[in-house]
Amino acid sequence: MTTVTSTPVVHTVTVVPRKWKTAIALSILAVVAFFAFGVFGDDRTALIVFSEQTDAIVLPNVPVTSMTFCLVVGVLLLLLAAYAVWLTVGRHKVPLWVVIAFTILFIVTLVVWTGAGSKIPVVFLISGSIALATPVVFGALAGVVGERVGIVNIAIEGQLLAGAFVSAVVASVTNSLALGLIAALIGGALVSMVLAAFSIKYLVDQIIVGVVLNALVIGLTNFFYAAVLNDNSQETNFPGTLPFLPIPFLSSIPVIGPVLFDQRITTYLMFVLVPLVWYILFKTKIGLRIRAVGEHPLAADTVGINVNRTRFWTVSIAGTMAGLGGAALTLGSVGAFVREMSAGQGFIALACVILGRWNPWLAALAALLFGFSKNFRIFAGQTGADIPPDLIAMVPYLVTLVAVAGLVGRVVGPAAAGKPYVKQ
């Protein structure tokens with residue numbers, strides 16, 4: 001008689017660790033909004049203005065009591081934070097829509113609290129935020145594309161500054177804003193080519209090359225500004241600004257029209273490039289090759305993709321987008337080149353790349369958050385809010401720091417980003 005012994009089956013259960021960072025950040029912000037803006041807020045009336053009297057279609061203004069409004073929205077924020085905590089306790093990931101909805105509601109609460117006793121111009125807040133975010137969006141797109149192909153583009157700051165400088169000079173000398181835009185594309189691409197050449201050909205550490213390039217471009221632009229532009233600004237540094245191009249009929253739509261359909265060409269290009277870059281990266285064969293090179297270059301090389309050539313030209317093309325962001329600083333805003341006018345926006349763009357998880361759409365949203373924080377500084381100054389000026393000046397950078405440290409959590413970028421590839 002044969003005895004059959006059965007081996008017990010052991011089932012392995014994988015326990016997903018709880019990630020509390022997002023839930024804690026949302027809870028703290030919700031409590032701040034409810035008590036600081038609501039319970040202890042201002043009981044004066046804020047007048048929400050959706051359109052001006054000169055608009056084709058005039059929407060009525062909406063008066064709200066700041067304290068009451070903030071209390072109601074504060075309750076919604078507390079509910080969203082509680083939902084995030086409940087998901088975290090159950091070892092579930094907090095959905096992205098929760099973070100986006102929470103951010104929008106918190107911003108609305110902050111604006112109404114700040115605007116108590118005065119007007120809140122909705123179109124100014126949104127369109128101004130888009131305009132201020134435009135250079136950062138271009139820089140973030142360059143960063144996303146660069147890291148997706150395996151090159152960490154620390155030199156975005158230098159690319160923005162180079163684009164701003166050459167666009168102002170070329171447009172002034174040639175009296176052509178169009179040539180200034182083309183020059184910005186070339187200027188950003190040249191800086192990118194230097195980054196790519198040293199990183200790919202000579203295997204220099206990408207972070208070091210990027211930092212050195214930023215310092216080099218700052219030094220060069222400061223030198224030429226002092227030596228050439230400063231004493232001859234009328235001929236070499238007075239290009240003017242790009243005109244607004246309202247789209248017939250669409251620009252007359254209340255709120256949406258002035259925000260989306262009455263912008264400069266640089267902003268329209270931004271509207272086009274964000275979905276275009278996303279589509280190329282995730283829906284085309286070219287994008288698949290770019291992502292393959294950034295994730296697993298050896299496997300890409302095995303199937304016949306020239307890894308280093310793909311990296312070089314992809315990073316160079318990405319630099320044109322950052323250069324266009326520089327043109328948005330001069331031709332699309334100030335109307336002249338100013339020393340170090342990028343003012344750290346290239347590094348903010350890098351933060352947007354991480355906050356946006358290397359996705360063009362999300363990186364653009366993160367850049368828009370930065371643009372709003374800069375525009376909020378202007379809005380708070382106009383309303384006479386009782387906020388220290390130094391704190392208001394810090395708002396854009398505090399918002400970026402809180403967003404990256406408190407909301408994004410631990411993210412993993414493309415596997416081969418920052419790693420040189422040597423063909424075996």
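The values are calculated or read from the model by the stated rules, or taken from the named source; none is laboratory data. Quantities reported herein were computed from a predicted structural model and do not represent experimental measurements. Here the Cβ is made from the backbone with ideal geometry for all residues, glycine too, and neighbour counts use every protein chain on show.
Some notes on this structure:
- Subset of segment 22-70 [among the acidic types (D, E), surrounded by 16 or more Cβ atoms within 10 Å (Cβ to Cβ) and over 13 Å from V122 (Cβ atoms)]: D42
- Index of the failed condition, G146 passing every other in (1) in contact with a Ser or Thr (Cβ under 7 Å, 6 or more places away or on another chain); (2) buried (at least 24 other Cβ atoms within 10 Å of the Cβ): (1)
- From the options L59, L87, L79, residue that is over 25 Å from A364 (Cβ atoms), of a type in the set (A, V, I, L, M, F, W, C), in a loop (DSSP other than H, G, I, E, B) and out of contact with any His (no Cβ under 9 Å at 6 or more places or on another chain): L59
- Condition met for G325 (over 30 Å from W113 (Cβ atoms), buried (at least 21 other Cβ atoms within 10 Å of the Cβ) and not aromatic (F, W, Y)): yes
- Flag if G344 is surrounded by 23 or more Cβ atoms within 10 Å (Cβ to Cβ) and of a type outside the set (D, E): no
- Filter result (more than 14 Å from I378 (Cβ to Cβ), among the small types (G, A, S) and either without any contact (Cβ under 8 Å) to a residue 60 or more places away in the chain or in a helix (DSSP H, G or I) (or both)) within segment 94-138: A101
- Per the listing L269, L242, the residue uniquely touching a helix residue (DSSP H, G or I) at 6+ places or on another chain (Cβ under 8 Å), aliphatic (A, V, I, L, M) and free of Cβ contacts under 8 Å to residues at least 60 places away in the same chain is L269.
- The set of residues from segment 109-151 being within 30 Å of C70 (Cβ to Cβ) and touching a Cys at 6+ places or on another chain (Cβ under 7 Å) comprises T109, V112, W113, V136.
- Single unsatisfied condition, R311 versus (1) of a type in the set (D, E, K, R); (2) at pLDDT 90 or above; (3) surrounded by fewer than 23 Cβ atoms within 10 Å (Cβ to Cβ): (3)
- So T174, is it among the hydroxyl-bearing types (S, T, Y), at negative phi, surrounded by fewer than 19 Cβ atoms within 10 Å (Cβ to Cβ) and at pLDDT 90 or above: yes
- Matching residues, segment 339-361, being hydrophobic (A, V, I, L, M, F, W, C), in contact (Cβ under 8 Å) with a residue 12 or more places away in the chain and either out of contact with any Asp or Glu (no Cβ under 8 Å at 6 or more places or on another chain) or part of a helix (DSSP H, G or I) (or both): M341, F347, I348, A349, L350, A351, C352, V353, I354, L355, W361
- Condition met for I182 (of a type in the set (V, I, T) and in a loop (DSSP other than H, G, I, E, B)): no
- Considering I186, I208, the condition of being without any contact (Cβ under 8 Å) to a residue 12 or more places away in the chain and over 18 Å from the mean Cα position of the chain (by Cα) is satisfied by I208 alone.
- G335 passes every criterion in (1) closer than 27 Å to I100 by Cβ; (2) touching a Ser or Thr at 6+ places or on another chain (Cβ under 8 Å); (3) modelled with pLDDT under 90 apart from (1).
- Pick from segment 90-108, criterion β-branched (V, I, T) and more than 15 Å from V64 (Cβ to Cβ), ranking: surrounded by the most Cβ atoms within 10 Å (Cβ to Cβ): V94
- Pairs linking a residue in segment 44-66 that is over 22 Å from L110 (Cα atoms) to a residue that is modelled with pLDDT of 80 or more and not in a strand (DSSP E or B), with Cβ atoms under 7 Å and 6 or more positions apart or on different chains, are D55/P254; A56/S252; I57/S252; I57/P254; L59/F50; L59/P254.
- Failed item, numbered, when L203 is tested on (1) surrounded by fewer than 24 Cβ atoms within 10 Å (Cβ to Cβ); (2) on the phi < 0 side of the Ramachandran plot; (3) touching a residue at least 12 places away in the same chain (Cβ under 8 Å): (2)
- Among the candidates F69, F138, residue that is of a type outside the set (G, A, S) and closer than 30 Å to P246 by Cβ: F138
- Put simply, of L179, L141 the only residue that is free of Cβ contacts under 8 Å to residues at least 12 places away in the same chain and in contact with a helix residue (DSSP H, G or I) (Cβ under 7 Å, 6 or more places away or on another chain) is L179.
- Candidates L331, L298, L288 - the one that is over 26 Å from K419 (Cβ atoms), of a type in the set (A, V, I, L, M, F, W, C) and over 17 Å from the mean Cα position of the chain (by Cα): L331
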